[in-house]
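Just below is one structure, and these are the notes that go with it.
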Amino acid sequence: FMKPIDGVGGIDTILAYKYSRLSDSFITPIGKMRYEELKERMNDKDYLISKVVKSSFKPSFARHSKGLNTIRFVTLRGNVVGAVYKLSRGLNWVDNFNTNGNYAVAIDLDNGHLFNTAYRGKDYLGNAELKVKTAIVPDWDDLVSFVEKAAKAFRPTKLIGFDIAVTDKGPVIIDFNATPGIRLLQIPYQMGFKRILK
(Lines give C-alpha, C1' and ligand atoms only; values in the text may rest on other atoms or scores of the structure.)
Protein backbone atom coordinates (compact mmCIF):
# COMPACT_ATOMS: atom_id res chain seq x y z
CA PHE A 1 0.00 0.00 0.00
CA MET A 2 1.46 3.35 -1.06
CA LYS A 3 0.43 6.70 0.38
CA PRO A 4 1.82 10.20 -0.24
CA ILE A 5 3.56 11.45 2.91
CA ASP A 6 1.59 14.69 2.75
CA GLY A 7 -1.64 13.10 1.48
CA VAL A 8 -5.15 14.12 2.47
CA GLY A 9 -8.34 12.10 2.20
CA GLY A 10 -6.79 9.08 0.52
CA ILE A 11 -5.97 11.07 -2.65
CA ASP A 12 -3.25 9.45 -4.81
CA THR A 13 -3.05 6.31 -2.65
CA ILE A 14 -2.15 3.20 -4.61
CA LEU A 15 -2.60 -0.45 -3.83
CA ALA A 16 0.31 -2.39 -5.33
CA TYR A 17 -0.55 -5.96 -6.25
CA LYS A 18 2.99 -7.23 -6.09
CA TYR A 19 6.60 -6.25 -5.56
CA SER A 20 9.30 -7.87 -7.68
CA ARG A 21 12.74 -8.03 -6.05
CA LEU A 22 14.22 -9.20 -9.34
CA SER A 23 13.29 -6.00 -11.17
CA ASP A 24 12.92 -3.85 -8.02
CA SER A 25 9.50 -2.70 -9.23
CA PHE A 26 5.87 -2.59 -8.14
CA ILE A 27 2.89 -3.97 -10.06
CA THR A 28 0.09 -1.42 -9.63
CA PRO A 29 -3.26 -0.62 -11.29
CA ILE A 30 -1.42 2.06 -13.29
CA GLY A 31 1.25 -0.35 -14.51
CA LYS A 32 4.62 -1.78 -13.53
CA MET A 33 7.11 0.80 -12.32
CA ARG A 34 10.04 1.45 -10.05
CA TYR A 35 9.66 3.79 -7.09
CA GLU A 36 11.33 6.72 -8.87
CA GLU A 37 9.04 6.26 -11.88
CA LEU A 38 6.00 6.22 -9.59
CA LYS A 39 7.22 9.35 -7.82
CA GLU A 40 7.78 11.14 -11.14
CA ARG A 41 4.34 10.12 -12.40
CA MET A 42 2.76 11.44 -9.19
CA ASN A 43 4.25 14.93 -9.54
CA ASP A 44 7.39 14.15 -7.53
CA LYS A 45 5.54 13.17 -4.34
CA ASP A 46 7.33 11.03 -1.77
CA TYR A 47 5.41 7.92 -0.70
CA LEU A 48 5.20 5.78 2.39
CA ILE A 49 5.11 2.10 1.51
CA SER A 50 3.70 -0.45 3.92
CA LYS A 51 2.33 -3.96 3.94
CA VAL A 52 -1.41 -4.32 3.52
CA VAL A 53 -3.18 -4.64 6.86
CA LYS A 54 -6.35 -6.73 7.26
CA SER A 55 -8.89 -6.01 9.95
CA SER A 56 -10.24 -8.84 12.09
CA PHE A 57 -13.23 -6.69 13.10
CA LYS A 58 -15.83 -6.62 10.35
CA PRO A 59 -19.45 -6.09 11.43
CA SER A 60 -22.13 -7.78 9.31
CA PHE A 61 -23.02 -4.53 7.54
CA ALA A 62 -19.39 -4.17 6.38
CA ARG A 63 -18.98 -7.65 4.87
CA HIS A 64 -19.09 -6.38 1.26
CA SER A 65 -16.69 -3.52 1.89
CA LYS A 66 -13.53 -3.68 -0.25
CA GLY A 67 -11.34 -1.42 1.90
CA LEU A 68 -9.65 -1.49 5.26
CA ASN A 69 -12.25 -0.02 7.60
CA THR A 70 -10.66 1.71 10.57
CA ILE A 71 -11.79 3.28 13.81
CA ARG A 72 -11.08 7.00 14.08
CA PHE A 73 -10.27 7.81 17.69
CA VAL A 74 -10.10 11.49 18.62
CA THR A 75 -8.01 12.29 21.67
CA LEU A 76 -7.77 15.51 23.61
CA ARG A 77 -4.86 15.95 26.05
CA GLY A 78 -4.19 12.21 25.90
CA ASN A 79 -7.77 11.06 26.55
CA VAL A 80 -10.18 9.49 24.04
CA VAL A 81 -13.15 11.84 23.59
CA GLY A 82 -14.83 10.16 20.63
CA ALA A 83 -14.60 7.21 18.24
CA VAL A 84 -16.29 6.29 14.97
CA TYR A 85 -16.11 3.25 12.74
CA LYS A 86 -15.35 4.35 9.17
CA LEU A 87 -16.86 2.23 6.42
CA SER A 88 -15.78 2.22 2.76
CA ARG A 89 -18.59 1.37 0.36
CA GLY A 90 -19.01 0.56 -3.31
CA LEU A 91 -15.77 0.71 -5.26
CA ASN A 92 -14.00 2.80 -2.61
CA TRP A 93 -11.04 1.12 -0.94
CA VAL A 94 -10.18 4.06 1.32
CA ASP A 95 -12.55 4.72 4.22
CA ASN A 96 -12.30 8.52 4.34
CA PHE A 97 -15.58 10.04 5.47
CA ASN A 98 -15.55 12.78 2.83
CA THR A 99 -15.35 10.21 0.00
CA ASN A 100 -18.71 9.89 -1.72
CA GLY A 101 -20.53 6.72 -0.65
CA ASN A 102 -18.59 6.06 2.56
CA TYR A 103 -20.21 5.98 6.00
CA ALA A 104 -19.31 6.55 9.65
CA VAL A 105 -20.92 4.99 12.74
CA ALA A 106 -20.49 6.42 16.24
CA ILE A 107 -19.15 4.16 19.01
CA ASP A 108 -20.25 4.26 22.65
CA LEU A 109 -17.05 5.02 24.58
CA ASP A 110 -18.29 3.21 27.69
CA ASN A 111 -18.60 -0.22 26.10
CA GLY A 112 -17.50 -0.25 22.45
CA HIS A 113 -21.04 -0.70 21.04
CA LEU A 114 -21.55 0.70 17.55
CA PHE A 115 -24.65 2.87 17.23
CA ASN A 116 -27.35 1.57 14.86
CA THR A 117 -27.24 4.50 12.42
CA ALA A 118 -24.49 5.11 9.88
CA TYR A 119 -24.15 8.49 8.18
CA ARG A 120 -22.89 9.00 4.65
CA GLY A 121 -20.19 11.62 4.49
CA LYS A 122 -20.22 13.22 1.06
CA ASP A 123 -18.37 16.51 1.59
CA TYR A 124 -18.76 15.90 5.35
CA LEU A 125 -22.45 16.80 5.13
CA GLY A 126 -23.86 13.57 6.57
CA ASN A 127 -26.56 13.73 3.92
CA ALA A 128 -27.93 10.18 4.22
CA GLU A 129 -28.61 7.67 6.95
CA LEU A 130 -28.35 3.90 6.91
CA LYS A 131 -29.76 1.67 9.64
CA VAL A 132 -27.22 -1.00 10.59
CA LYS A 133 -27.10 -3.92 12.98
CA THR A 134 -25.13 -2.92 16.03
CA ALA A 135 -21.87 -4.67 16.92
CA ILE A 136 -19.29 -4.55 19.70
CA VAL A 137 -15.65 -3.72 19.06
CA PRO A 138 -13.60 -6.57 20.62
CA ASP A 139 -11.23 -5.83 23.52
CA TRP A 140 -12.57 -2.29 23.70
CA ASP A 141 -10.95 -1.24 26.98
CA ASP A 142 -7.53 -2.45 25.82
CA LEU A 143 -7.99 -0.61 22.53
CA VAL A 144 -8.81 2.67 24.29
CA SER A 145 -5.76 2.24 26.55
CA PHE A 146 -3.56 1.61 23.49
CA VAL A 147 -4.78 4.82 21.81
CA GLU A 148 -4.39 6.92 24.95
CA LYS A 149 -0.84 5.65 25.41
CA ALA A 150 -0.08 6.58 21.78
CA ALA A 151 -1.62 10.04 22.27
CA LYS A 152 0.55 10.72 25.32
CA ALA A 153 3.65 9.92 23.24
CA PHE A 154 2.81 12.90 20.99
CA ARG A 155 2.68 15.53 23.73
CA PRO A 156 2.47 18.52 23.70
CA THR A 157 0.03 18.10 20.76
CA LYS A 158 -3.40 18.36 22.39
CA LEU A 159 -5.86 17.19 19.71
CA ILE A 160 -5.05 14.09 17.64
CA GLY A 161 -7.08 11.73 15.47
CA PHE A 162 -5.85 8.14 15.17
CA ASP A 163 -7.06 5.69 12.51
CA ILE A 164 -6.75 2.25 14.08
CA ALA A 165 -7.18 -1.16 12.48
CA VAL A 166 -8.19 -4.02 14.76
CA THR A 167 -6.19 -7.07 13.64
CA ASP A 168 -5.58 -10.62 14.84
CA LYS A 169 -2.21 -9.43 16.15
CA GLY A 170 -3.64 -6.45 18.01
CA PRO A 171 -4.33 -2.82 17.11
CA VAL A 172 -2.32 -1.13 14.35
CA ILE A 173 -2.03 2.64 13.85
CA ILE A 174 -2.71 3.26 10.17
CA ASP A 175 -2.61 7.04 10.31
CA PHE A 176 -2.76 9.94 12.73
CA ASN A 177 -3.88 13.51 12.19
CA ALA A 178 -3.25 16.76 14.04
CA THR A 179 -6.44 18.02 12.40
CA PRO A 180 -8.73 15.03 13.00
CA GLY A 181 -11.92 16.33 11.38
CA ILE A 182 -14.33 17.26 14.15
CA ARG A 183 -17.32 16.83 11.80
CA LEU A 184 -16.38 13.16 11.59
CA LEU A 185 -17.44 12.98 15.26
CA GLN A 186 -20.26 15.51 15.22
CA ILE A 187 -22.25 13.95 12.39
CA PRO A 188 -22.36 10.32 13.65
CA TYR A 189 -22.88 11.40 17.28
CA GLN A 190 -25.48 13.96 16.11
CA MET A 191 -24.17 16.64 18.48
CA GLY A 192 -21.67 19.46 18.60
CA PHE A 193 -18.09 18.91 19.76
CA LYS A 194 -18.63 20.76 23.06
CA ARG A 195 -21.45 18.39 23.98
CA ILE A 196 -19.32 15.38 22.99
CA LEU A 197 -16.66 16.55 25.46
CA LYS A 198 -19.13 16.61 28.39
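The values are calculated or read from the model by the stated rules, or taken from the named source; none is laboratory data. A quick note: this is a predicted structure, and the numbers were derived from the prediction, not measured. All Cβ positions, glycine included, derive from the backbone under ideal geometry; neighbour counts span all protein chains shown. Please note that ligands, DNA and RNA were not included when accessible areas were found on the heavy atoms of the full protein model with its side chains. Shrake-Rupley method; radii C 1.70, N 1.55, O 1.52, S 1.80 Å.
Remark: spin-label model distance L109-D142 equals 2.2 nm, labels positioned 7 Å along the Cα→Cβ axis. Projected onto its three principal axes, the C-alpha set of region 1-69 covers 40, 29, 17 Å, listed from the longest axis down. Only protein atoms count toward the accessible area here, which uses a 1.4 Å probe; on region 21-61, the carbon and sulfur part of that area reaches 50 percent.
For the chain, with the dipole built from +1 on Lys and Arg beta-carbon atoms and -1 on Asp and Glu ones, taken about the Cα centre, which of M33, M2, S55 lies farthest toward the positive end? Positive-most Cα among the choices belongs to S55. Using C-alpha pairs below 8 Å separated by at least 6 residues, the relative contact order for region 128-198 is 19 percent. For region 69-75, putting each phi into the Karplus relation 6.51 cos²θ - 1.76 cosθ + 1.60 with θ = phi - 60° gives couplings of 8, 10, 9, 8, 9, 10, 10 Hz, in residue order, rounded to whole numbers and with x for Gly and Pro.
Of the solvent-accessible surface of region 64-198, computed with a 1.4 Å probe and all protein chains present, 51% belongs to carbon and sulfur.
Check cross-link reach from K54 to the aspartates and glutamates: straight Cα distance under 14 Å, and skip same-chain residues fewer than eight apart. The reachable aspartates and glutamates, counting only those whose Cα sits under 14 Å from K54, are D95, D163, D168. Counting lysine pairs in region 74-175 whose alpha carbons fall under 26 angstrom apart, excluding pairs fewer than 8 residues apart on the same chain, gives 13. Name the residues whose placed amide hydrogens come within less than 5 Å of the amide hydrogen of R89, ignoring near sequence neighbours (fewer than 5 apart) on the same chain. Residues meeting the criterion, in which the H sits 1.01 Å from N, are N102, Y103.
Of the three principal axes defined by the Cα atoms of the chain, the extents in descending order read 54, 38, 32 Å. Proximity of backbone amide H atoms, modeled 1.01 Å from N, is registered between V81 and V74, T75, L76 at under 5 Å, excluding neighbours fewer than 5 places apart on the same chain.
In a reduced charge model with +1 at each Lys and Arg Cβ and -1 at each Asp and Glu Cβ, the chain shows a dipole moment near 280 debye about its Cα centre. Stokes-Einstein, applied to the Kirkwood radius of region 112-193 over Cα pairs at a viscosity of 0.692 mPa s and 37 °C, places its translational diffusion at 228 µm² s⁻¹. Cβ-Cβ distance of D24 and S60, R₀ of 45 Å, FRET efficiency by 1/(1 + (r/R0)^6): the value works out to about 0.60.
Computed with a 1.4 Å probe over protein heavy atoms only, the accessible surface of region 67-198 comes to 51 Å² per residue.
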